[in-house]
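Trainee: Have a look at the structure that comes next, please.
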Amino acid sequence: MRTDDFDYYLPKELIAQHPAQKRDMSRLLVMDKKTGEIEHKHFHDIIDYLNAGDVLVINNTKVIPARLMGLKKGGTAHIEVLLLKQVGETDQWEVLVHPGKRAKVGTEIIFGDGRLTAKVIADTDTGRVVEFSYEGIFNEILDQLGTMPLPPYITEYDGDMSRYQTVYAKFAGSAAAPTAGLHFTEELLEEIKQKGIEVVEVLLHVGLGTFRPVQVDDVTKHKMHTEFYSVSQEAAERLNKAKAEGRRIISVGTTSTRTLESAFKDGKIQAGSGETDIFIYPGYEFKVVEALITNFHLPKSTLVMLVSALASKEYILHAYEVAVEEKYRFFSFGDAMFIK
């Protein structure tokens, strides 16, 4: 299976630079995973495709202001640090550093007025590990000094950054938004619950594993970066009950999907937390997820591979071709797709 098999043509002008004026007014491409049949709707129409008894699983992670600009200690060289993942419950973080050549092990970086500093303590396959020193509360300092890390393909947006956060975000720790959830409003979620659809929350802190490019020709040789996930006891019990009763489990986003599939062990969804490097591509047999709400993903990405595993590569690439023809908006601030 070749990485190039998951490529598709995307005109640059279809990469969304701004969110829809209202979250649930994004367009929605609905695709039947068994037949490939396509319908064109708006996101608020999603309720028409959800049935009483269905379970909608959302990722309640919260994006942190993970991009920090600092100066190399003793010099004038600017260094950009992107926080990816906290190492346990310590002050150490896995980070991406630009430019990397200025951040060898031992380098100290000063942020703002010096209340926050970082020392590079290790190299990794993908970046660095730094240890932070600070006065006060780390998250409060981060709120003051950090900025929201919009993806590099969003170059024009300078509006309300709450639009890069789901309305149900709770637990801080993500370097990027779980973008399928950006289309939900509080009102739409309440309508969904009133219709008898159960909403269950899980957690995956989005890091490099979700958006790291595939740099090998053979898909099976790609190695995912680990990300932290958690499933509460209550969530596990509700999901296992629904599964035992034959009710449909619908995942909101690839991150919720990876959480559910990672937590399924010994025939059921297990409560608990840990690190996952699950890589889902065609040939994978889903244990939990039966339908998926998602955005349109980058060519040749692990996310295109994941959705191609749920439907088929042929159906997905055809749907993407149709979406291009119909001028859907792509990527993080773009339109949505429901694979049912």
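Trainee: What does the charge count near GLU131 come to, summing +1 for each Lys or Arg and -1 for each Asp or Glu among other residues with Cβ under 13 Å from its Cβ?
Mentor: -1
Trainee: If you split all Cα-Cα distances of region 67-145 into 10 Å bins from zero, what percentages do you get per bin, shortest first?
Mentor: The calculated distribution, bin by bin, is 20, 60, 20, 0.
Trainee: If you stretched the chain out fully between ALA244 and ARG115, how much longer would it get, using 0.36 nm times the residue separation minus the C-alpha to C-alpha distance?
Mentor: Difference between extended and current length: 41.2 nm.
Trainee: Where Lys and Arg each count +1 and Asp and Glu each count -1, what net charge lies around ASN295 among other residues with Cβ under 12 Å from its Cβ?
Mentor: +1
Trainee: Given the options GLN86, GLN17, GLN194, which has the most mean-square fluctuation in a GNM of the chain, springs set between C-alpha atoms less than 10 angstrom apart?
Mentor: GLN194
Trainee: Over the alpha carbons of the chain, what is the largest minus smallest coordinate on each principal axis, giving the biggest first in Å?
Mentor: Extents along the principal axes: 62, 44, 40 Å.
Trainee: Okay, moving on. Over its Cα atoms, what ratio of radius of gyration to 2.2 N^0.38 Å does region 152-255 give?
Mentor: That works out to 1.29 for region 152-255.
Trainee: Report the residue, chosen from LEU208, LEU56, LEU142, that carries the largest GNM mean-square fluctuation when the chain is represented by alpha-carbon nodes joined by springs under 10 Å.
Mentor: The residue with the greatest mean-square fluctuation here is LEU142.
Trainee: When a footprinting reagent is the concern and you count Cβ atoms within 10 Å, what order do THR61, THR220 take, fewest first?
Mentor: In order of increasing Cβ crowding within 10 Å: THR220, THR61.
Trainee: Based on alpha-carbon positions alone, could you give the equivalent ellipsoid semi-axes of region 1-138 from the gyration tensor, as √(5λ), descending, whole Å?
Mentor: 42, 20, 17
Trainee: Among ALA180, ALA271, ALA263, determine the one that fluctuates most according to a GNM of the chain built with springs between C-alpha atoms less than 10 Å apart.
Mentor: Largest GNM mean-square fluctuation: ALA271.
Trainee: Only four residue types carry charge here, +1 at the Cβ of Lys and Arg and -1 at the Cβ of Asp and Glu. Report the dipole size of region 67-145 about the Cα centre in Debye, rounded to the nearest 20.
Mentor: 440 debye
Trainee: If you don't mind, another one. Once you list every other residue whose beta carbon is under 11 Å from the beta carbon of GLU227, what net charge do they have if Lys and Arg are +1 and Asp and Glu are -1?
Mentor: Result for the local shell: 0.
Trainee: Which one, THR126, ALA177, GLN17, projects farthest toward the positive side of the charge dipole computed for the chain from Cβ point charges (K/R +1, D/E -1)?
Mentor: With unit charges placed on the Cβ atoms, the residue in question is THR126.
Trainee: Taking R0 as 30 Å, what's the FRET efficiency between VAL105 and ILE154 from their Cβ-Cβ distance, rounded to 0.05?
Mentor: That gives a FRET efficiency of 0.40.
Trainee: What is the gain in length, in nm to one decimal, between GLU186 and GLU39 on full extension, counting 0.36 nm per residue of separation less the C-alpha to C-alpha distance?
Mentor: Gain on stretching GLU186 to GLU39: 50.4 nm.
Trainee: Would you mind calculating the gained length between THR124 and GLU321 on full extension (0.36 nm times residue separation, minus the Cα-Cα distance), in nm to one decimal?
Mentor: Between THR124 and GLU321, full extension yields an extra 67.2 nm.
Trainee: Name the residue farthest towards the positive end of the dipole of the chain from the options MET337, ALA291, ALA103, assuming +1 on Cβ of Lys and Arg, -1 on Cβ of Asp and Glu, about the Cα centre.
Mentor: ALA103
Trainee: In addition: Hey, what's the Cα Rg ratio for region 195-340 versus the globular rule of thumb, 2.2 N^0.38 Å?
Mentor: For region 195-340, the normalised Cα radius of gyration is 1.05.
Trainee: So, one more: With r defined as the distance between the Cβ atoms of LYS73 and SER232 and R0 fixed at 51 Å, what FRET efficiency is calculated, to the nearest 0.05?
Mentor: Working from the Cβ atoms, E equals 0.75.
All of the numbers you see were taken from the coordinates with simple rules; none came from a lab. In this text the structure is predicted, and so the values were computed from the model without any measurement. Ideal geometry is used to build each Cβ from the backbone, glycine not excepted, and the neighbour counts take in all protein chains shown.
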